[in-house]
Amino acid sequence: MSQQSILKWSTAAQMLSKRQSVPLSAPTLSLLQGSRLSLMAGILLTTVFSMPTANAASCKIPKSYYKNVSCTSASGHYLAITDFGAPVALINSKGKRVVDLSRYQKVDANNMAGGLLPVLRHGRVGYINMQGREVVPTIYEMFKGNGGWARPVSEGRIVVKRNGDYGVIGTGNQTIVPFSSTITDIDDYRGGVARIRRNQSTSWLDKNGKTTSDPNAKEGNSEAMSATAQTQQPRPTPFTTLQPHQQDGRWGFVDDKNVTMITYSFDEVRPFSEGLAAVRLNDKWGFVNLGGELVIPFRFEDSGLIADNENNSNKDTSNVEDESSAEDTSAKKRTAFIFKDNKAWVGNLKDGSKICIDKKGDNVSCE
């Protein structure tokens, strides 16, 4: 409640008091004041908890024309809402809108992961990517309890509910673990496995939905215990085999089982190199990580690249040589946006010298 509204409320109470033939008694005034304080506290709490809290202490809200902006769990993205808490847009670090959210009832900015944001429309849960495309349709049920109404993407998998039954889908909405009434709960994936409960029994599933061994199991002899301890160490990311793949004219990435791990959202992509892959939307390039998160924004233009032999102004070659030169130029340009030794070529200055960045997106020497 705004200060102006509180003053109006107080003034109305005073006028009501003056209209009485006798002054308000002490118990009545105490009740009136208590109700007002309770109402104020309720509104303040509602305001506080309607705003996402992720990264609240570490991120800096960008300047924009949106009134109510808060941080999200994804670096470089911020949530704009109305005074009543309804989602309006995702904005970037420059305060510009990147995704229109006005069609949704709610979004869960604290559970944004893997490049996908949980959304609620007509009481049903779905997921959109950072370009606003609904890659998982709003057909799933809301969760209940303290864990929130939607699960985040965990290692390319999402735990969802349909018709009251648990199941697991991929980020392309393909079913990984079939929906079943015998499943009472499924944990999010961690280290390539997820714990599943069926009534009183507990088992573990791998990322393909197949039963696997308990990663926390211990053997009796010391050698087996040592091997178990090693398996409990953080596992290498399973996304190292992600490969570019095209579908319906758009590009994404699949794993070695041909399962979609990063949705088909891009106009062009480069292979993963040192954990990052260049992706293009319209005429700008950015970089995503193995979880599908945009870690370096779309700010590099393909037209800004100049291959080495394009700077040779003293060409005197035949048509055949020109064709060879053109092929060589194309090959040289294909080496752009590929990380090697923690740096990638992303453009050229007017004098032809190369521009390189590190994995944080900062300019570094190309030497």
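The values are calculated or read from the model by the stated rules, or taken from the named source; none is laboratory data. In this text, all values refer to a predicted model and were calculated from it rather than measured experimentally. Neighbour counts run over all protein chains shown; Cβ positions are idealised from the backbone, glycine included. Please note that ligands, DNA and RNA were not included when accessible areas were found on the heavy atoms of the full protein model with its side chains. Shrake-Rupley method; radii C 1.70, N 1.55, O 1.52, S 1.80 Å.
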State whether one or more residues within the range 310-333 are at pLDDT below 90, more than 24 Å from G249 (Cβ to Cβ), part of a loop (DSSP other than H, G, I, E, B) and touching a strand residue (DSSP E or B) at 6+ places or on another chain (Cβ under 8 Å). no
Any idea which residue in the range 61-86 is least open to solvent (accessible area, probe 1.4 Å), counting only those that are part of a loop (DSSP other than H, G, I, E, B), among the hydroxyl-bearing types (S, T, Y) and within 24 Å of G115 (Cβ to Cβ)? T72
Those residues of the range 95-114 which are out of contact with any strand residue (DSSP E or B) (no Cβ under 6 Å at 6 or more places or on another chain), under 21 Å from N289 (Cβ atoms) and not aliphatic (A, V, I, L, M), in sequence order: N110, G114
Going through the range 168-185 in order, the residues found to be under 24 Å from N258 (Cα atoms) and of a type in the set (A, V, I, L, M, F, W, C) are V168, I169, I176, V177, F179
Of the residues in the range 185-209, those that are among the polar types (S, T, N, Q) and open to solvent by 40 Å² or more (accessible area, probe 1.4 Å) come to N199, Q200, S201, T202, N208
For the range 152-178, enumerate the residues that are part of a loop (DSSP other than H, G, I, E, B) and in contact (Cβ under 8 Å) with a residue 24 or more places away in the chain. P152, V153, E155, G156, T171, G172, N173, Q174
Can you tell me which residues in the range 87-99 are in contact (Cβ under 8 Å) with a residue 40 or more places away in the chain and not in a loop (DSSP other than H, G, I, E, B)? L90
Inside the range 183-197, the number of residues satisfying the requirement of being part of a strand (DSSP E or B) and under 24 Å from the mean Cα position of the chain (by Cα) is 6
When restricted to A344, A307, the only residue within 21 Å of N363 (Cα to Cα) and at pLDDT below 90 is A307
Tell me whether the range 105-126 contains one or more residues that are farther than 21 Å from G209 by Cα, open to solvent by less than 10 Å² (accessible area, probe 1.4 Å) and either touching a Leu at 6+ places or on another chain (Cβ under 6 Å) or free of Cβ contacts under 8 Å to residues at least 12 places away in the same chain (or both). yes
Scanning the range 107-151 for residues that are part of a loop (DSSP other than H, G, I, E, B), within 25 Å of R250 (Cα to Cα) and not charged (D, E, K, R) gives M112, G114, G115, M130, Q131, G132
Looking at the range 93-138, which of its residues are of a type in the set (V, I, T) and either under 27 Å from V279 (Cα atoms) or touching a Gly at 6+ places or on another chain (Cβ under 7 Å) (or both)? V98, V99, V107, V119, I128, V135, V136, T138
Open to solvent by 30 Å² or more (accessible area, probe 1.4 Å), at pLDDT below 95 and out of contact with any helix residue (DSSP H, G or I) (no Cβ under 7 Å at 6 or more places or on another chain): does that describe G147? yes
